[in-house]
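Structure first, commentary second.
The values are calculated or read from the model by the stated rules, or taken from the named source; none is laboratory data. The structure displayed is predicted, hence computed values, not measured ones. Counting neighbours? That spans all protein chains shown, and the Cβs are built from the backbone with ideal geometry, glycine included.
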Amino acid sequence: MTAHEETFPGHKIPAIKRVMMPRDTNAVGTIFGGVILAEIDLAAATEAHHHHTGMVVTVSMDKIDFKAPVRVGDLVSFFTETMRIGRSSIKVKVSVWACRRFGGGDHEYVTEAEVTMVAVDENFKPIPVKEDGGRERLG
């Protein structure tokens, strides 16, 4: 485990918090990994929009290792951090934590990913990131 994984970042506000529901479960009764991946994608886009108010799309997500299962009733928090802003890309780190028993239990590290988002125009062609103070307006 990295130092980041060992300590719940409770001092930060998550980009997304969601209670996991029965509709999200797989055949063994835990939450589908794909549900978590979709929320990671959404959290990364939310963070990217702090820097670019136009459209962004996901172009890559690094290797993901699930360290703990997510269960029905877990309150899952997706914490984000901007790692790098390029000409047209924004790299975002998303850390996922589950709080057991509808948010009343212990926090457990689930996974993390680095997601690269790209600013695009209406034709989905890359454009420069427009840093225009979106963090203050959206945050």
Discussion item. Can you find, within segment 93-113, the residue that is surrounded by the most Cβ atoms within 10 Å (Cβ to Cβ) among those that are touching a helix residue (DSSP H, G or I) at 6+ places or on another chain (Cβ under 9 Å) and among the charged types (D, E, K, R)?
Written reply: E112
Worksheet, complete the sentence: All conditions in (1) surrounded by 18 or more Cβ atoms within 10 Å (Cβ to Cβ); (2) under 21 Å from G34 (Cα atoms) are true of A119 except (2)
Practice prompt. For residues that are in contact with a helix residue (DSSP H, G or I) (Cβ under 7 Å, 6 or more places away or on another chain) and buried (at least 16 other Cβ atoms within 10 Å of the Cβ), tally how many sit in segment 19-45.
Written response: 3
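Suppose we filter segment 47-62 for residues that are under 16 Å from the mean Cα position of the chain (by Cα) and part of a loop (DSSP other than H, G, I, E, B); how many remain?
The qualifying residues number 4.
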Response to the item:
Result of the Cβ filter at 6 Å on segment 66-90, keeping first residues that are under 13 Å from T30 (Cβ atoms) and partners that are part of a loop (DSSP other than H, G, I, E, B) and of a type in the set (F, W, Y), at least 6 apart or interchain, is G73/F102
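For (1) under 23 Å from F8 (Cα atoms); (2) of a type in the set (D, E); (3) out of contact with any strand residue (DSSP E or B) (no Cβ under 9 Å at 6 or more places or on another chain), each residue gets a yes or a no:
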residue: E47; (1), (2), (3): yes, yes, no
residue: H52; (1), (2), (3): no, no, no
residue: L75; (1), (2), (3): yes, no, no
residue: F102; (1), (2), (3): yes, no, no
residue: D106; (1), (2), (3): yes, yes, no
residue: P128; (1), (2), (3): no, no, no
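Each row is one residue, and each column tells you yes or no for (1) at pLDDT below 95; (2) among the β-branched types (V, I, T).
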residue	(1), (2)
A27	yes, no
I31	no, yes
M55	no, no
V70	no, yes
G73	yes, no
E81	no, no
